[in-house]
Amino acid sequence: MYLYQLKIAFRNIFKHKISSTINVFGLAIGLASFILILLYVVDELSYDRYHKNADSIYRLVSISDFEGVGEESASAPFPVAPTLMNEFPGMIEKVIRIFNFQAPRSLIKVGDKAYNERNLFFADSNFFQVFDYNFIYGDPQSALNESFAVVITKQTAEKYFGQENPMGKTIRYQDRIDLMVTGVVDQIPSTSHFTWDFMASMSSAKTFFRGSLPKTWVWNPCWTYIQLKSGINQSQLESKLPEFVKKYYYDATKESIRLYLQALTDIHLHSHIDYEIEPNGNISYVYILSAIACFLLIIAIINFMNLSTATSSSRTIEIGMKKVIGVEKWQLVFQFVGEALIISFLALIFSLIIVEISLPYFNVLANKQLSLSMFLEPFWAGVLFLIGFLTGLLSGLYPAFYLSSFQPLNVLKGHFDGGPRTIVARKVLVVIQFTISIGLIISTLTAFDQLHFLRTAKLGFNKDAIVYIQVTGNPIVTKYESFKNELLANPDIQAVTCVDDIFGVAHNTHEFRPEGVPEDKWQFYPALVVDEDFVKTFDIQIVAGRDYNRNNKTDAANGMLINEAMVKYLGWGANENALGKKFKSLSGDERVIGVFKDFNATSLHTTLSPFVLNIKENENEKYFFLKFIAVRINGEKNANTLSFIESKFNQYAPGRPFECSFLTDELNKQYIEETRLSRFSLGLTILIIVVAGLGLFGLVSYMIAQRNREICIRLTIGAGMKEMFLLFSKEYLWLILLSNLIAWPVSWLLLHRWLESFAYHINLDIIYFIVAAISSIMLTLAIILWRTISAIRSNPLKALRWE
Amino acid sequence: MIKAEKLTKIFRTDEVETTALNAVSFEIKKGEFVAIMGPSGCGKSTLLNILGLLDNPSAGTYTFLDHEVSKSNERHRAGLRKHNIGFVFQNFNLIDELTVFENIELPLIYLKMASRDRRERVNEVLEQMQIAHRAKHFPLQLSGGQQQRVAVARAVIAKPALILADEPTGNLDSAHGEEVMNLLNDLNIIGTTIIMVTHSQRDAEYSRRVIRLFDGQIINENFKKNYI
């Protein structure tokens, strides 16, 4: 019986070439997209789960809230980790810190090889007892026990030492200390919320702090991870943290600081706080992509349902006869579901081929290393089978019940009529397909518009043609004035300044005490440590007072620039009122010399806040804080100017690798998730339109085929192309209009919510709704026109004779 | 074999109520060849459908092989049909996607007969119907007469006790029609009960009894002398 059913299934597939192709092709596209997004989502959800104790590891997060200004920091002060361990030995199994001097790059030299490395950290000695990595050489228990020890990755070992065994060899860090390789680990899994190439022992960092790690409870540069003891849960420890803050934090800050724990496995998708080690993913985007992929599959499934029921008239004899000879309904249901499963698994095979071909491109887009090998694991192979099975089942169940419910008497007599219910159901399914398609067209256009807005919005400073040169710990900082003057001698260089972070991307918070705030109440305000000409370089508008002036000797020591928001925040009224106000910092008593117009100091996901531009006078402070030199050049990406800058850099910092980037590129990196989402959703939307269009093509084809006799009669009595086109168009046009009516408000609501997640966003533009409506109508009319012309070109008399 | 008592069938639509059969009673014994005749719309096909367990009557009782089936559910009726009734239709109703062999084999598949037994039985019937040379052809490659032979072969393949034929020669020329009627006659001679709906007096001549219907009622029952 099964062989017979298989035979009839395949013969039906080949007999109905158009619908079979649409079904297999549509389902294959739907399944391929689904599988690609599944690979992506599984990868996103698997972050940090490879650590054996992942479920009991948490990151300590601190919220500093100084009357609405402050930070939510992923890192904590140095003393927090050991103090927590001492305070809660019954709850904490282990606690570790990692630290990178808040340096974007570290200079590493081995022999004549020198690179600026971005993934170098110092960690407590028990780092490898909390986090699991595959050691090729060395012992995870003891690799970081000694000072000046470093564990490196296999790729790093090859980069510096080739094929030699690197164990025991030394690498020079920042031209200051030598670190000995005590371990080599395999490549860090890409599913890590932070990747590293060098992990040095924390005790090695003491050299930079005169022999002991900082004891301050203010500076918070250490990412602190806690492994809880078995049986202890997150809330148990969290409930103790307020007391801990009260007991150990300084009086000036303890009222404003709250600590909490963040599950390790939640960091990648749920954490978007200050001082993340790396930008994280976004769970909302995972949901959005999953939903779009599901929509695509649903649309393909709807095609299958619609075409199966639309073409069912050709199977009436088979169904009728089977019923007549006593075949029961469930047997027919089984047969038709079986046929759907065959189509589905056929599509699954094609989809895997599509996935395999498209994965390299997808990986570039997703910045991942996904592969189909995941499905070799028994669990995922089972999931893949289940996807194919459920797709077949969902596709086949409705047509199966529909087809098996035919009354044999009627169908064998040729009185086959799908019945109003079926026609309504088919139309409902078309409306669902087009509602989804139209909604996605609107959403994709809006997403691109928002992305364009994010990239081009006026930030309150001029971001164009700014070259950022990385100078962390670089002796060039000590010769900065001379270097700057040499650069400015080039007419293509307009301005040069120094800054401690990438402007518009990140900043730190520093402690201040403005006039009017009690002596013991230090406040933490967002700030950039800058140098002279910062305002000029970034074209920031001063609205009251003046910029720093090198000729005014007290500016560096005592001058302070604040933004308008700060003036408002402190309740000083007019901007001019702020001038001359005292603004104590750790450098001493300072005064406000100027107020600048508000700018966006970080991404447009967040609103602007009170902000300080602070200048450092002390050379040691400068050396520590100034990590980038920013150069405004004439014309974006001028190669000659860049090579001039590089030659001057090499002259001032011989042996140091020159590394620069453009500010616009750095700013755009902040929207990498939005860029990815927009591109994914564009791709998926195009596929959805193709699949839905194919479905409509199939339906219109069969509608016209079924009405062949009517077409012929109309043509013979004088109807023309226009009349026929109008006749068929009205069948579908109102469905598309209805789809628009449903899609518009739903899209508006969802997009409105999405845009609200940005502090700065575009307003929803009616034009995108209109574009979606017009494109859906045009697509429908084009398909109908095409099929109408085909029908009219056939010989009407032939059809009449045949009938 | 068949006992119908006051069989009534009423079709209802939103506005119209049509009585297709009006308290029809008769009995058919095993081995009979009965023709049901009457003008279009008199209820012939409705009666045949009820007798073939394709439909239930609105009222009355119908006893088939000692089973009272007038209120049976589809499953019960399907079971009885599968084992006891073969159908022959005016428009053949062959499945275009299946070969002649496969069309004939179809009922045996659902009777779960073993593959080898099926093959033997189908070949036997193909020979009997003289269409063995067409076994691998598809229905659309056959003439009308050949298609109806295949339909008859399919009807008899499971050796049913009853064959119901609805205008079996309606789509055939006279020569092919006669061939099909001879086949039915041969089947009747070997003991198969045949009930045939027909407009054709010539076809009705093959039967041993003619039931005439008009407006859903039996107006005449003629037993042929040689049969009685």
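The values are calculated or read from the model by the stated rules, or taken from the named source; none is laboratory data. Please read all numbers here as calculations on a predicted model, not as lab measurements. All Cβ positions, even for glycine, are placed from backbone atoms using ideal geometry, and neighbour counts span all protein chains on display. These area figures cover heavy atoms from the full protein model, side chains too; ligands, DNA and RNA do not enter into them. Shrake-Rupley method; radii C 1.70, N 1.55, O 1.52, S 1.80 Å.
Chains A and B together bury some 2500 Å² of accessible area, summed over both sides, with a 1.4 Å probe. Mean partner shielding of peptide B:102-109, defined as the number of other chain Cβ atoms within 10 Å of each residue Cβ, is 4. Accessible surface ranking for A:ASP555, A:ASP175, B:ASP55, 1.4 angstrom probe, highest first: A:ASP175, B:ASP55, A:ASP555. Loop-located GluC sites (Glu not before Pro) across the range A:470-539 with a Cβ neighbour count of 16 or fewer within 10 Å are A:GLU515, A:GLU519, with loop assigned by DSSP. Annotation for the range B:43-69 versus the range A:559-615: alpha-carbon center distance of 95 Å.
Inter-chain neighbour count for A:428-439: the average number of beta-carbon atoms from partner chains within 10 Å of each residue's beta-carbon is 0. In order along the range A:538-543, the Karplus-derived 3J(HN,Hα) couplings, from 6.51 cos²θ - 1.76 cosθ + 1.60 at θ = phi - 60°, round to 9, 6, 8, 8, 8, 9 Hz, and Gly and Pro are given as x. Among the GluC sites (Glu not before Pro) within the range A:184-290, those in coil by DSSP and having at most 14 neighbouring Cβ atoms inside 10 Å are A:GLU255. Heavy-atom accessible surface of the protein assembly as shown, averaged per residue, reaches 42 Å², computed with a 1.4 Å probe. Under a 5 Å amide H cut-off, with hydrogens placed 1.01 Å from N, A:GLY138 pairs with A:VAL184 among residues at least 5 apart or on other chains. Of the GluC sites (Glu not before Pro) in the range B:1-61, the ones in a loop by DSSP (not H, G, I, E or B) with at most 11 other beta carbons within 10 Å are B:GLU15. From its DSSP helices (H runs of at least four residues, each -39,500 (n - 2.57)), chain A gives a residue-normalised ellipticity at 222 nm of -16500 deg cm²/dmol. Let me make sure I get this right: for the range A:433-524, a, b and c are the square roots of the gyration tensor eigenvalues over alpha carbons, sorted descending. Under 1.5 in a/c it's rounded, otherwise prolate if a/b > b/c, else oblate. Which is it? Oblate, because a/c is 1.5 or more while a/b does not exceed b/c.
Take each residue of peptide A:321-334, count the partner chain Cβ atoms within 10 Å of its Cβ, and average: the result is 6. In a reduced charge model with +1 at each Lys and Arg Cβ and -1 at each Asp and Glu Cβ, chain A shows a dipole moment near 3380 debye about its Cα centre.
Backbone geometry of the range A:683-697 corresponds, through the Karplus equation with coefficients 6.51, -1.76 and 1.60 at θ = phi - 60°, to 3J(HN,Hα) couplings of x, 5, 5, 4, 4, 4, 5, 4, 5, 5, x, 4, x, 5, 4 Hz, x marking Gly and Pro.
Classification of the protein assembly as shown by its C-alpha gyration tensor yields a prolate form. The axis ratio a/c (a ≥ b ≥ c) is 1.5 or more, and a/b outweighs b/c.
Each helix, a run of at least 4 DSSP H residues, gives -39500 (n - 2.57); summed and divided by the residues of chain B, these come to -10000 deg cm²/dmol at 222 nm. From the alpha carbon centroid of the range A:452-494 to that of the range A:157-208 is 31 Å. Applied to the range A:450-464, the Karplus parametrisation 6.51 cos²θ - 1.76 cosθ + 1.60 on θ = phi - 60° returns per-residue 3J(HN,Hα) values of 5, 5, 4, 4, 4, 7, 10, 4, 6, 9, x, 8, 8, 9, 7 Hz, with x for Gly and Pro. In straight-distance terms, cross-link reach from A:LYS458 covers every one of the lysines whose alpha-carbon lies under 21 Å from its own, apart from those fewer than eight places away in the same chain; here that gives A:LYS536, A:LYS597, A:LYS637, A:LYS669.
Among A:GLY26, A:VAL185, A:GLY162, whose Cα lies farthest out toward the positive end of the dipole of the protein assembly as shown, if unit charges sit on the beta carbon of Lys, Arg (+1) and Asp, Glu (-1)? The residue sitting most towards the positive pole is A:GLY26.
Could you give the dipole magnitude of the range A:353-476 about its Cα centre, charging the beta-carbon of Lys and Arg +1 and that of Asp and Glu -1, in debye to the nearest 20? In debye, rounded to 20, the range A:353-476 gives about 360. Counting only protein heavy atoms and a probe of 1.4 Å, the accessible surface of the protein assembly as shown is 56% carbon and sulfur.
With a ≥ b ≥ c the root eigenvalues of the C-alpha gyration tensor of the range A:322-467, is it rounded (a/c under 1.5), prolate (a/b larger than b/c) or oblate? Here the range A:322-467 falls in the oblate category. Within the protein assembly as shown, antiparallel bridges make up roughly 70 percent of the DSSP beta bridges whose residues both belong there. Between the listed residues A:THR509, A:ALA457, A:VAL535, the Cα displaced farthest toward the positive end of the dipole of the range A:446-540, a dipole computed from Cβ unit charges relative to the Cα centre, is found at A:ALA457. Close amide H pairs (under 5 Å, H built 1.01 Å from N) link A:LYS169 with A:VAL181, residues at least 5 positions away or on another chain. For A:HIS605, the residues 5 or more places off, or on other chains, whose built amide H falls under 5 Å of its own are A:ALA759.
Burial here means at least 10 square angstrom less accessible surface with every protein chain in place than with the chain by itself, probed at 1.4 Å; in the range B:75-94 the buried residues are B:ARG75, B:ALA78, B:ARG81, B:LYS82, B:PHE87, B:PHE89, B:ASN91, B:ASN93, B:LEU94.
When the listed pairs A:LYS206/A:LYS627; A:LYS52/A:LYS94; A:LYS94/A:LYS169; A:LYS109/A:LYS206 are checked against a 23 Å cut-off, the alpha-carbon distance exceeds it for A:LYS94/A:LYS169. Charged side chains reduced to their Cβ positions (Lys and Arg at +1, Asp and Glu at -1) give the range A:560-638 a dipole of some 60 debye around its Cα centre.
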